[in-house]
1. Return only the number of the condition from (1) without any contact (Cβ under 8 Å) to a residue 24 or more places away in the chain; (2) within 14 Å of chain B (Cβ to nearest Cβ) that A:Val47 does not satisfy.
2. Out of A:Ser59, A:Ser119, I need the residue that is at negative phi and either within 14 Å of chain B (Cβ to nearest Cβ) or under 13 Å from the mean Cα position of the chain (by Cα) (or both). Which one?
3. For region B:31-46, give me each residue that is closer than 11 Å to B:Val67 by Cα and in a loop (DSSP other than H, G, I, E, B).
4. Across region B:17-62, what is the number of residues that are in contact with a strand residue (DSSP E or B) (Cβ under 6 Å, 6 or more places away or on another chain), farther than 18 Å from B:Leu103 by Cα and either at pLDDT below 95 or more than 8 Å from chain A (Cβ to nearest Cβ) (or both)?
5. Say whether the condition of being over 21 Å from B:Leu7 (Cα atoms) and among the acidic types (Asp, Glu) is met by at least one residue in region B:118-141.
6. Determine if region A:39-56 includes at least one residue that is touching a Leu at 6+ places or on another chain (Cβ under 6 Å) and assigned to a loop (DSSP other than H, G, I, E, B).
7. With region B:88-190 as the region, which helices (runs of 4 or more DSSP H) entirely inside it contain at least 2 residues that are within 14 Å of another protein chain (Cβ to nearest Cβ)?
Amino acid sequence: MPVSVDNSQIIYDALKSVGVELMSALPETWLVHLVRMGEDDPDMKLVRLNKEEEGVGVSAGAHFAGTKSVMLMQNHGFLASVNGIVSLAQLYRIPLLMLISYRGHMGERDPWQTEGGLSTEPILQSMGIPYHLLSDPAKVEKEIREAQTLAESSMRPVALLLTRDLMWED
Amino acid sequence: MKRADALEAIYDDLKTKLVVTNMGAVAVELYNLGHQPGFFYMEHSMGLASSAGLGLALCLPGRKIVVLDGDASVLMNLGTLSTMARYSPHNLTHVIFDNESLLSVGGFPSATSTGTNLALVAKGAGVKNTGLYSDIEGFQGAYDEAANRDELSVLVAKVKAVGPTSFAMDIGLLENRFEFARHIKDLRSE
């Protein structure tokens, strides 16, 4: 499976370096290594979800408990979480770091991913969620640190879209 | 049994816990018994009170967390029972007040009115300690056991479809949220 182990490790290390101790996730091809890294790390609470929206609640609870968390999901999982993000994270000002695999964008071969790819950025924009595309492994650590900083200071959701360039090795 | 009476029966214990409620009547009725800094009323995002309780329970293993939920909210996020069972936090009690109705929005019947048994759903999801109670004594006894048990419990209390006469609460959403977070911070620094 040509998902980049090296870049997954860079992402995982960056999450650890900003103090993330809880990771909620739903398996998705591009995220397999990240989920496994969370699983193998005794200091990481990995919460495997049935539906991504649950992760908004889990992250809210973690935040109240003083624990930094990240939601790891595909962009279709983000779409499935929209109400939770609006009516919990935004309404109650929960810092919410979201790492979203950006399927259905340039280079996507799976036809079923393409509609979600089209709507991801417009929906993030309409919700007023700041986001960056993560493509360059050299910038991952800085981008994750800055996203986490903004989520904490603004007390709002912040998204990082994991692109094909970063996650996939053809 | 009336939900307000069931809440009153367990209120003394709830005061000592971290409590997350779902939206609507449950929140108001708990608030009317006397607000505590450890009570968080999740006034939207139906279905996620239990998920927030799970996050709290996993991150605060030394504290008992109680979620006060409703049938329609749980039906909206049935997967939560399976996720809770998967991690089975020893310090989480999930109470579901089942009035078989979306009472706060006009009283339309929920799917528990046509046969869905949430205690059996929880059991099937893998929760060991579950039960369905239709009188105060039974519910209170089950709650006391759950409160003293070092294991996940999901208790379904069958209640009448009656709610408070007013939904007014003199506490802002963010006021409640920040007070709750501050309270936990203070507890952690004790």
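1. Single failed check for A:Val47: (1).
2. A:Ser59 is the lone residue from the list that is at negative phi and either within 14 Å of chain B (Cβ to nearest Cβ) or under 13 Å from the mean Cα position of the chain (by Cα) (or both).
3. B:Met42
4. 5
5. No, there is no match, as no residue in region B:118-141 is over 21 Å from B:Leu7 (Cα atoms) and among the acidic types (Asp, Glu).
6. yes
7. Because the criterion is at least 2 residues that are within 14 Å of another protein chain (Cβ to nearest Cβ), the helices (runs of 4 or more DSSP H) in region B:88-190 that meet it are B:118-125, B:173-188.
Conditions tested, residue by residue: (1) more than 18 Å from B:Ala119 (Cβ to Cβ); (2) of a type in the set (A, V, I, L, M, F, W, C); (3) crowded, with 18+ Cβ neighbours inside 10 Å.
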residue: B:Ala146; (1), (2), (3): no, yes, yes
residue: B:Arg149; (1), (2), (3): no, no, no
residue: B:Pro164; (1), (2), (3): yes, no, yes
residue: B:Phe167; (1), (2), (3): yes, yes, no
residue: B:Ile171; (1), (2), (3): yes, yes, no
residue: B:Asn176; (1), (2), (3): yes, no, yes
residue: B:Lys185; (1), (2), (3): yes, no, no
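The values are calculated or read from the model by the stated rules, or taken from the named source; none is laboratory data. Since the structure is predicted, the reported quantities are computational estimates derived from the model, not experimental observations. Quick reminder, even Gly has a Cβ in these numbers, built from the backbone with ideal geometry, and neighbours come from all protein chains shown.
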